[in-house]
Each structure stands twice: as C-alpha cells, then as structure tokens.
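Below: the structure, in structure tokens.
Laboratory data are not the source of any read-out in this text; all were calculated from the coordinates shown. These numbers were taken from a predicted model, which means no experiment stands behind them. Glycine also receives a Cβ, built like all others from the backbone with ideal geometry; neighbour counts cover every protein chain displayed.
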Amino acid sequence: MDRRETAALLAYIGRLDPRTIRTDQAEVSDQLAQWHELLGDVPMATAYGWDAYAAARRHIRISPYPIVPADVARPWESYRRERMLRHTDPTPAADPDDQAAWTAELARARQAVAAGTAQPVRYRAISQGRGRVDPELEARLREVGSCIPPAARAALAPYRPARAAREEAVAEGLPDALSVRCQWCRAQAGEPCRRRRIGPDGSARGTAPRATPHPGRLDLAAEQHPAHRAAS
C-alpha cells in the first residue's frame, strides 16, 4: 500500500479504536512513516480474499491490546503462505532450452499467486479423476498391454513376488488367485495373502504378506475361472 492508503487505514483504525489516534502533528507524521515502512509491501486488498481493513477490524474486535503494524502484517503473511501451499507450478509456455525465460515465467506465476492477483494452480490429475483419461492414451495402453515396459517389469519381479506370480499365471491362462477374496486370511480381491499366526487367545499375531496365495484361494479362483465353467 502507498502512503495515502496507509493513512486511510490509520484513519479507519482510529475510528474503531481511539487509543491509536495521535493529536500532535509530529507524532502523526512519525506514526504514518512507521506504519508505511512496515506495511509498504502489504496490499490494501486483493481480488481473492485479502482485505487489510478486515484484518485490522478482526484484531480490534478480539484483542484487548492496541493494534500495531504486525497485527496486519502477520495475517498477510499467513494468507500468502496458505496460497503458496495450494499452488503447483504450471508448465511455462517458454522454450525449455531458454533457462532464463523458463525461470522468469515460473517466478512471475509464483509472485502473482503470492500477491493475490492470481489463483493457485492445482494438479489437473487430482481434480479430473479417472473418468477423463485421454482416449488416445487409453488406446495406446490397450495396444501395448501395460504402462510398465517389459524390461522394467522383469527387473521389479524380485521385489514384488506376489504380483509377479499373478502376472505369470494370467499370462499362462491359469486362474488368477488374487481375483477372489481369500477365505483363510481374509485378504480382499487384488491384495496378496498374508501369514496368520494365531495366538493362544485366538487373535492373529502376524500378518506378513505371502509370495504365494493360500491353496484354498487357488481352488476358489479355479472354480470361477472361465475354463472351469466351460468344462462344467
């Protein structure tokens, strides 16, 4: 805010709290210089919720102490911080090979959000959801079969044995044990079976995941397999 806006804010505060009013001309000048020095980078208002008058009125309404510049600056800093926490840098339109232009565009976008002149940008994937996947991407996934390359899938197999065994069984046309719920360990469909160590009181003491499903789960998946149904 400029000096005129700072003076208007002080006049507004004086109407609400006469304790802040200065009658001596030198004191008035010193008060205005002090407030402007501390609040010069704080805007009077923005289009997205910030209002210095409202911040001052809130303090005077709930605090028994005379207002000082920090009682306006603190809410402004909280407003800036909350907006930046909700902001995700959008991809700049500048050439990525032009590092200076790329960085400058990112900085301008952040400054606009922090100053309250632009709304924070959120992740599109979070707000759109599964129902709006690009049709071209879905067609490509159907063509290749998976978004994970075969080489990467093979490298990950030792670290996720349950999933690797499931993929191998499906590739060979065998029943997918994880497609049904395990009646022994109560694992839901899609989750690996777990080792259940039963304590003396009948409660489960251990639930470590198993690399292979329980035999009963395999039998249940085999019963629901299309090949078994066709044979019966």
What FRET efficiency comes out for the pair A152/R195, r = Cβ-Cβ distance, R0 = 25 Å, nearest 0.05?
-> 0.30
With 0.36 nm assigned to each residue of separation and the Cα-Cα distance removed, R74 to R186 gains 35.1 nm
Set the Förster radius R0 to 22 Å, insert the Cβ-Cβ distance between A94 and V121 as r into 1/(1 + (r/R0)^6), and round the FRET efficiency to 0.05.
-> 0.85
Least to most buried among L38, L9 (fewest other Cβ within 10 Å first) | L38, L9
Calculating log10 I(q)/I(0) by the Debye sum over Cα atoms at q = 0.12 Å⁻¹ from this structure picks out, from (i) -0.86; (ii) -0.62; (iii) -0.71, entry (i)
Give me the distance between the Cα centres of the stretch 1-53 and the stretch 59-84, rounded to whole Å.
-> 13
DSSP-assigned coil residues among trypsin sites (Lys or Arg not before Pro) in the stretch 37-122, each with at most 13 further Cβ atoms within 10 Å = R86, R122
